[in-house]
Every structure is written in C-alpha cells, then in structure tokens.
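Here the structure comes first, spelled out in structure tokens, and everything after it is commentary.
The values are calculated or read from the model by the stated rules, or taken from the named source; none is laboratory data. Values in this document were obtained by computation on a predicted structure and should not be read as measured data. Because the Cβ atoms are built from the backbone with ideal geometry, glycine has one as well, and the counts that use them run over all protein chains shown.
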C-alpha cells in the first residue's frame with residue numbers, strides 16, 4: 001500500500017519537473033468547504049502551475065486543511081490540470097490527502113472546479129470527493 005502512494009507522489013513531482021520554467025506561476029490559495037454531514041473545512045494552500053499549451057496548464061498544490069467536525073488536520077496534495085478560456089477556468093484535481101487523527105492516513109481526493117480569473121486573482125467553486133465524503137466549496141487564489 002505504501003509503495004502505491006509513493007508512486008503517485010513521484011508521478012506528481014515528475015510532472016511538475018517537465019513544465020517549462022519560463023511559463024510557471026505560483027499562487028496562494030484560500031478555501032472553505034461544506035463537508036457532507038454538515039461540518040466544514042478551511043484550507044490554505046501554496047500552488048504552482050506551468051502552461052503546457054496556450055490554454056492548458058498543469059500544476060499542483062499542497063498545504064494544510066482544518067476540519068471543524070473532529071478537530072482534524074490534513075495535508076492536501078493535489079495534481080491540477082487546468083483549461084483557461086479567456087477569463088474563465090475549468091480544472092480537475094486529484095491526489096492524496098494526509099488526514100491526521102483518523103483511522104487511515106491517506107485519503108483519495110478528486111475534484112472539479114471552475115471560476116473566473118484575472119492576472120492577480122482567481123475566484124471559483126470546487127466540487128469533489130474525499131474518499132467517501134462529498135466536498136463543496138469556494139476557492140480564492142492570489143498569484144504570487
């Protein structure tokens with residue numbers, strides 16, 4: 001089981017290494033999610049993206065997430081594929097989240113997001129699954 005998760009982390013960082021450095025950008029993200037069952041989650045992430053084509057970028061994000069229901073802390077690690085259509089974006093995210101103080105350390109996360117972006121700011125909605133739980137939330141990204 002550990003080997004499988006290590007391979008995903010290796011693939012994630014290898015894909016970031018293939019990106020063109022001149023087209024890379026970094027961002028700081030704030031997010032708030034409604035978690036199925038009535039609880040909430042707040043996250044702070046640091047991400048990096050690099051354009052593979054004119055309207056298509058690949059990147060990742062990592063950070064810290066706080067769950068209010070069980071006072072749990074998590075480390076979200078996501079690979080991000082993003083389509084930019086003028087000032088609108090569509091993104092897909094997938095990756096492991098390390099959730100502390102729970103039965104399992106690794107939780108699988110997959111999500112779809114969309115929103116509006118400008119040069120220095122992006123605001124959007126994200127809908128996803130964290131293992132067997134649904135997350136619906138808002139995202140605010142500041143480009144660094």
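Annotations
- Verdict on residue 39 being in contact (Cβ under 8 Å) with a residue 12 or more places away in the chain, surrounded by 13 or more Cβ atoms within 10 Å (Cβ to Cβ), under 17 Å from the mean Cα position of the chain (by Cα) and more than 18 Å from residue 95 (Cα to Cα): no
- When restricted to residues that are within 12 Å of residue 36 (Cβ to Cβ) and either assigned to a strand (DSSP E or B) or within 16 Å of the chain's Cα centre (by Cα) (or both), the stretch 117-136 contains 9.
- Out of 141, 125, sole residue that is touching a strand residue (DSSP E or B) at 6+ places or on another chain (Cβ under 9 Å) and over 18 Å from residue 60 (Cβ atoms): 125
- Matching residues, the stretch 58-74, being in contact (Cβ under 8 Å) with a residue 24 or more places away in the chain and either out of contact with any helix residue (DSSP H, G or I) (no Cβ under 8 Å at 6 or more places or on another chain) or not in a strand (DSSP E or B) (or both): 61, 63, 65, 66, 67, 68, 69, 70, 71, 72, 73, 74
- Residue within the stretch 47-55 that is part of a strand (DSSP E or B), farther than 18 Å from residue 131 by Cα, without any contact (Cβ under 8 Å) to a residue 40 or more places away in the chain and touching a helix residue (DSSP H, G or I) at 6+ places or on another chain (Cβ under 6 Å) present: yes
- Among the residues of the stretch 95-125, those identified as modelled with pLDDT of 95 or more and touching a helix residue (DSSP H, G or I) at 6+ places or on another chain (Cβ under 9 Å) are 95, 96.
- Candidate set: the stretch 60-90, residues that are more than 19 Å from residue 117 (Cα to Cα) and over 15 Å from the mean Cα position of the chain (by Cα); chosen: the one modelled with the highest pLDDT: 73
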